[in-house]
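The values are calculated or read from the model by the stated rules, or taken from the named source; none is laboratory data. Since we're looking at a predicted model, the values are computed, not measured. Cβ placement follows ideal geometry from the backbone for every residue including glycine, while neighbour counts extend to all protein chains displayed.
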Amino acid sequence: MMAEIGLAALWLAAALAGLQLAAGSLGLTTRGAALGEAVRPVAVVQGLLALLAFACLIYVFSVTDLSVKLVALNSHSMKPLVYKIAGAWGNHEGSMLLWVTVMGMAGGFVALVERRLPERTMLATLAGQAFVSLGFYAFLLFASNPFERLSPVPVEGNGLNPLLQDLGLAFHPPTLYLGYVGLSIAFSFAIGALITREVGPAFARAMRPWVLGAWIFLTVGIAAGSYWAYYELGWGGWWFWDPVENASLMPWLAATALLHSCSVLASRNALRAWTVMLGVVAFSMSMIGTFLVRSGILTSVHAFAVDPQRGTFILALLAIYIGGALILFGLRASSVTEGERFALVSREGALVFNNVMLSAILGIVLFGTLYPLVAETFGAKVSVGPPYFNPMGALFAVPMLVVLAVGPLLRWRRDRFARVSKNLVIPAMLVAAAAIGLLVIGSVALLPFLGLAVALGLAWASLLPLKGRNLRRTPLPIWGMVTAHFGIAVALFGMSSESAFSIEKLVAVKIGEVTQVGPWGVKLDTVEPVAGPNWTALEARLLVRYGADGKVTRMLPQSRSFWAPPQQTSESALLTRWNGQLYAVLGGEAPAAGNKDEAKSDAGSDQGRWQLRLWWKPFVPLIWLGGLLIALGGALALAGHVLADLRRINLRSKIAYRRERQGR
Amino acid sequence: MSDTPPHRAPRWAIWLPLVLFLGFFALVMIGLYRPADRNVASALVGKEMPRFDLPPALPGRPGLDSKVLANGKPHLVNVFASWCVPCRVEAPQLGELAKAGVPIEGISVRDTTENLQGFLEENGDPFQRIGADDDGKVQLALGSSGVPETYVVDGKGKIVYQHIGEIRPEHLGLLLGKLQEAQQ
Amino acid sequence: MKRLMLSLAGLGPAIACLALMAPAIAQEEQSTAPYAYRQLDDPAKETKAQDLMESLRCLQCQGQSIADSDAPIAGSMRSLVRERIAAGEDPEAIRAWLIERYGDYVSYAPQLTGLTWPLFAVPAFLMLIAFLLLRRRFTGKTEDAK
């Protein structure tokens, strides 16, 4: 029953999207102007219907309604409730439904609250949003129906991949999608502005909070995904330049450039073409990313099930939307001037540089991700991974971060470097001190070396905009900027420190043996079987001590076996200190050496040895802490803009009321 | 404000993203419709078999020395293991090839004596010699990326053909053909 | 049947041949190669080995380096790398040996070959575009700035 309600709601939502498109487009013409009134309510209802459909999907998953094919394939009655719910979006169809739900809700929300745009641009924007939604509704309803029934009803479900039975990963997709798909609003705004030729500060001021909102979620989603990979995969890695990771990074890069560009357009009426282009590019990257992940065209650790037919459908959507938007841009942008002019040394100049660098990094990530496909077209297989992306990315990232240290201090329109150079003395000294210190320590590779040095200088420089200000009256957006830039420095420091100073120990130890890893002494106390709701595991009890006289703490890494589906995962144990993390993984029982070679006399002594993988990773939590700081900075800026808007609205209504009272 | 004409973004920069997108589109169209090939093939096909000398996998049976592969007759070298399911599927085909007089040498990868013995009892033993590659190093030396794989080696020790995956009945003709070629 | 790729990190027997439909058969054991799970005693050599391992691709996983993978074949490859580094071989020679057998696929560090030159050309091309965009943006402005 619920599944049918969900499907019906989905069809209705699709129909309303069609109506939204029609009303919005016709509303732009003189004869159909009356239809324009309908667009906002239609958008809101469409969003709510999509939400209803999604709620129905969550319902059928939480009660494990096995007559729904999706539930039978992806769920299991013995799973804990929270993972049953998370299973709703942990598969292709469910996540696609999440996609259209977020698009619908975002569109509805914009329709409800956005009042700053000229009405025509608003209609064009909502029509654009509906146009894009329609394609994805079609994809869902015709090629990926989440509510398909299964007959005969199976006795039990297939279960959810054990790797997904983890709180972090369970909630990573919705966060990421709010960001990813939230960028569709920016796309629609850009389309709307291009159609009605309204690319100006009003447009930018309207678009900015939506971009910020999506960007914040995207930042959190990426950081959360990275942290999940770090503790779940069991080898201490946190970014692999895997195609699916890149698929989430590329929209983030575009969105970062977009939000800066948007701010410039809002306050200085410059960078018009950049802003519109980035608005189109950001969501295009989201769509390209979802295509890459779902079509099976790239080998990746977490691609969804391979299906070239699905890939073709999405590719067709891409051609229509991205191709269409880029053609529209080409046709209209030549008549969109760049707006106010500015000098090379100015804040706008620094932001243009920032945009160009971010776009270059985006280009490198996109090209590197697609290159194996290019090579396969010529019949060869090539692998592109961290040894490519890290240095090439750094090539553009390092200059960008150096300019980032200076940029916020520059004046708008025209400035002289000499004016700000005194402020940079301390950051420069910090960089030099770090460089010397690292050279003394020695054996630090080039990239982490650069990262550490730049991070220290940037950390100081990012706080400089607050210098000389009355901190209690500094506007929130400034606090936001400072926090976010400081967060970059913190994250960079964490990344470089992890790369340069991690200590790894792989050992096969007997019960009671102590291993030294960095400043920690780790003793294997016991290894015991434990059981969970849908798994059994071997759990090691490690007693660890920091330094010679630290307190002894317990760590409990596990090696888990699930049975539906049968799979093993390793649950790492983490111990966090202010200066880093101790990371412990239980491997298997050490295999008996030389099973065929009886000459190995002490083969017997290997019995009772357990493999442990231990890492001491100095300052590694700063990576994700920095990520959260970046998101927090965005949130502060968003709050600042929204509050300022509310105050303005409030003030305007007060003035209007007073005027009315005075009979004016 | 000066009188200079307002700055316009250069034409080429405006159309560049569209051009890049068209390139992307073409690339993935080709990619989607090409048959997916997830196998990693050995780059040694057409080159000489690497030198190795594996100890016996079973007591009383000879191990596998690569010198034997250059004794003038073409051989099949089958890389397999007892824990490998498709290896069971191809056992009858290997049996047929052995009956047809083809010398088949086995390399058992990351395996144990008892499991191997059990496997051969259940599925038949078409091998003349079986070498034990417990470390998996010879598998790597051959450019083999999984099991089962079968190499056709000519009389002089050159790898003529690599068959990735199990040998199904429909592949027998192909393999016999390659062996014929190797004879020349 | 739609299912997520279960071979994440090579967890469990993630090899091409093991059909997950029949778990009753003997599972592939972890690699018993001597240095699959054991580090070299010399820390400098272990660092060299680790750097090399992080840039070599696991042949049976969906996209992992051999340093990050639980797959048994990755264990064999790790042991190969460590033993050779311990014997004094140069990391690039080991990489070249593997590329000779598996092609460029096995190395994450792209070698500059006839096939991979675009990978190096593109960043250079991007720098050129960046330069052109910035130059075009700013020349004609310096007079304005005066």
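Quick notes on this one:
- C:Glu28 being charged (D, E, K, R), part of a loop (DSSP other than H, G, I, E, B) and at the interface with chain B (Cβ under 10 Å from one of its Cβ atoms): yes
- The one condition in (1) free of Cβ contacts under 8 Å to residues at least 24 places away in the same chain; (2) of a type in the set (D, E, K, R); (3) farther than 30 Å from A:Ser561 by Cα that A:Lys467 fails to fulfil: (1)
- Here A:Leu249 meets the list (1) in a helix (DSSP H, G or I); (2) closer than 28 Å to A:Leu70 by Cα almost entirely, failing just condition (2).
- Residues (within 14 Å of chain B (Cβ to nearest Cβ) and surrounded by 23 or more Cβ atoms within 10 Å (Cβ to Cβ)) located in the range C:36-51: C:Ala36
- Against the numbered list (1) over 19 Å from the mean Cα position of the chain (by Cα); (2) crowded, with 21+ Cβ neighbours inside 10 Å; (3) at pLDDT 95 or above, A:Leu362 comes up short only at (1).
- Top-ranked residue in the range B:79-113 [being over 13 Å from B:Gln128 (Cα atoms) and of a type in the set (D, E, K, R); ranked as surrounded by the most Cβ atoms within 10 Å (Cβ to Cβ)]: B:Asp111
- Residue that is surrounded by the most Cβ atoms within 10 Å (Cβ to Cβ) [pool: residues in the range A:279-293 that are farther than 17 Å from A:Phe131 by Cβ and within 10 Å of chain B (Cβ to nearest Cβ)]: A:Val281
- In the range A:431-458, the residues that are farther than 19 Å from A:Asn390 by Cβ form Cβ pairs under 7 Å with partners that are surrounded by fewer than 17 Cβ atoms within 10 Å (Cβ to Cβ), at six or more places apart or across chains, as follows: A:Gly457/A:Ala428.
The rows are residues; the columns are (1) assigned by TED's automatic domain parsing to the domain that holds C:Gln50; (2) in contact with a helix residue (DSSP H, G or I) (Cβ under 7 Å, 6 or more places away or on another chain); (3) outside any helix (DSSP H, G or I).
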{"site": "C:Ser76", "(1), (2), (3)": "yes, yes, no"}
{"site": "C:Ser79", "(1), (2), (3)": "yes, no, no"}
{"site": "C:Arg84", "(1), (2), (3)": "yes, yes, no"}
{"site": "C:Glu89", "(1), (2), (3)": "yes, no, yes"}
{"site": "C:Arg95", "(1), (2), (3)": "yes, yes, no"}
{"site": "C:Pro123", "(1), (2), (3)": "no, yes, no"}
{"site": "C:Ile129", "(1), (2), (3)": "no, no, no"}
{"site": "C:Arg136", "(1), (2), (3)": "no, no, no"}
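- Residue count for the range C:97-114 under the criterion of being part of a helix (DSSP H, G or I) and in contact (Cβ under 8 Å) with a residue 40 or more places away in the chain: the result is 4.
- Just one of the listed residues (A:Ala190, A:Ala214, A:Ala255, A:Ala204) is within 14 Å of chain B (Cβ to nearest Cβ) and crowded, with 24+ Cβ neighbours inside 10 Å, namely A:Ala190.
- Tally, over the range A:501-552, of residues that are polar (S, T, N, Q) and without any contact (Cβ under 8 Å) to a residue 12 or more places away in the chain: 1
- In the range B:122-149, residue nearest to B:Asn78 (Cα to Cα) [restricted to those that are touching a Gly at 6+ places or on another chain (Cβ under 9 Å) and part of a strand (DSSP E or B)]: B:Glu149
- Filtering A:Ala229, A:Ala214 for residues that are touching a residue at least 24 places away in the same chain (Cβ under 8 Å) and hydrophobic (A, V, I, L, M, F, W, C) leaves a single hit, A:Ala214.
- Tally, over the range A:366-389, of residues that are more than 9 Å from chain C (Cβ to nearest Cβ) and either buried (at least 17 other Cβ atoms within 10 Å of the Cβ) or among the hydroxyl-bearing types (Ser, Thr, Tyr) (or both): 7
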